[in-house]
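Notes follow once the structure below has been shown.
The values are calculated or read from the model by the stated rules, or taken from the named source; none is laboratory data. Everything numeric in this text was worked out from a predicted model, so none of it was measured. Positions of Cβ are backbone-derived with ideal geometry, glycine not excepted, and every protein chain shown enters the neighbour counts.
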Amino acid sequence: MGAGLPAKGLTLSAHLSCACRQLAFLPVAREPTLPEGSLINYAPRRRLTMFQNRQQHLFYKNGQLASQIASDHAVTVLSVSNTPLAERRSEGRSDRTSLLAVDLQSSVLNHSRRHSTHALAYTAYGHSKPPHSTAPLMGFTGQRYDDLTNCYLLGNGYRGFNPQMMRFLSPDSFSPFKNRTLNAYGYCMGDPINRHDPSGHIWGKIKDSIGRLGASTTAPSKKTKPDYHEDATTALKTNAELKEKYGYILEHPNAEPKHFKAIAKIPELDNQFTKANDHATNQRKKFEPEDSLPLNIDDRNNTSHLSFDDHLRAEGNRAKRTKYEYRLHNFISRHPPQTKDIPPQTKKTQRYENRR
């Protein structure tokens, strides 16, 4: 019989005492002792790595990373319109410069030096192979990849985006009312191909950033604004009252497109408000008792009985109409109509008032 093993036919107390002797000789797992200032970083796929505490200083310009200075190296990023173009890395007495090739998302796809070229690839949410020692500082959508947290710290470090988990690690303070999404942890509302979120708050479309890049590298071109002269002419032909009040503005030498726009928009806004008010009037007649309805219900403004969105839209149309009418009245006060500009029926009225 081997030492420490219970013999056949021993009593229960003998079995327990033998088992206790065996447990006493088992190795005990102890907590690892870590050096002071160490950080433990947990990454997916059961990888547990340990980093020494490093102090880094990040400098930003117009919301874009410009340089990173650490105890053992320094990196300077050259970028145009938030698009990284080159990096210069200094370690001790050695300096190396890398040229960066990016795609429409400003993601770095290739970085090349004098004697070497390296290609990078990403998943839809920006996950790529673990960075090597010569990897560029900038990565997916032109943002800095933090190798300690395996995240992109968007918004100058405001929120960490994990490309492997395809989501943010903390909720957005703007959600759900200011950033157009109900998911406080979602990235670009599930469309990372056509959108990006450099601020960590509100996503934007890729084509918007492309337009800004093109505007900074090419000569500015003036966008032609609509004249509204033809629309104003049509509105005056179909509205006699409008033509009597503002008809002379159409051919006035000091008239501008904003005045033509006001003439064209007033009848359109009147029609929209009339439709909304008629709908509200019919709803009141349908659902309210007849004896509780006012006698002049057809002449009243009943838009307050609409739903909140419809009422807000109707009041917005009224406010726009008031703005356009105020614009035209200002023009009339500065450029009153001449006698030749007044219609015949108005001339008679003016002569009568002059006699009085």
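Worth a mention:
- Among the residues making up the stretch 244-269, a single one is exposed (fewer than 12 other Cβ atoms within 10 Å of the Cβ) and either assigned to a helix (DSSP H, G or I) or of a type in the set (Phe, Trp, Tyr) (or both): Glu251.
- Residue that is surrounded by the most Cβ atoms within 10 Å (Cβ to Cβ), among those in the stretch 73-93 that are touching a helix residue (DSSP H, G or I) at 6+ places or on another chain (Cβ under 9 Å) and of a type outside the set (A, V, I, L, M, F, W, C): Pro84
- The residues of the stretch 104-157 that are among the polar types (S, T, N, Q), over 13 Å from Leu65 (Cα atoms) and in a loop (DSSP other than H, G, I, E, B), listed by number, are Gln105, Ser106, Ser107, Ser116, Thr123, Ser128, Ser133, Thr134, Thr149, Asn150.
- Scanning the stretch 43-101 for residues that are among the basic types (Lys, Arg), farther than 17 Å from Tyr145 by Cα and modelled with pLDDT of 85 or more returns a single hit, Arg96.
- Considering residues of the stretch 302-311 that are within 32 Å of the chain's Cα centre (by Cα) and part of a helix (DSSP H, G or I) only, the residue surrounded by the most Cβ atoms within 10 Å (Cβ to Cβ): His311
- Filter result (closer than 30 Å to Lys323 by Cα and aromatic (Phe, Trp, Tyr)) within the stretch 260-292: Phe260, Phe273
- Selection from the stretch 299-313 of residues that are over 17 Å from Lys286 (Cα atoms) and either touching a helix residue (DSSP H, G or I) at 6+ places or on another chain (Cβ under 9 Å) or not charged (D, E, K, R) (or both): Phe308, Asp310, His311, Leu312, Arg313
- Count of the stretch 270-296 residues, restricted to those that are among the hydrophobic types (A, V, I, L, M, F, W, C), surrounded by fewer than 19 Cβ atoms within 10 Å (Cβ to Cβ) and either within 36 Å of the chain's Cα centre (by Cα) or in a helix (DSSP H, G or I) (or both), is 1.
- Among the residues making up the stretch 140-169, a single one is buried (at least 21 other Cβ atoms within 10 Å of the Cβ) and among the small types (Gly, Ala, Ser): Gly142.
- Of the residues in the stretch 312-334, none is in a loop (DSSP other than H, G, I, E, B), loosely packed, with under 11 Cβ neighbours inside 10 Å and at pLDDT 85 or above.
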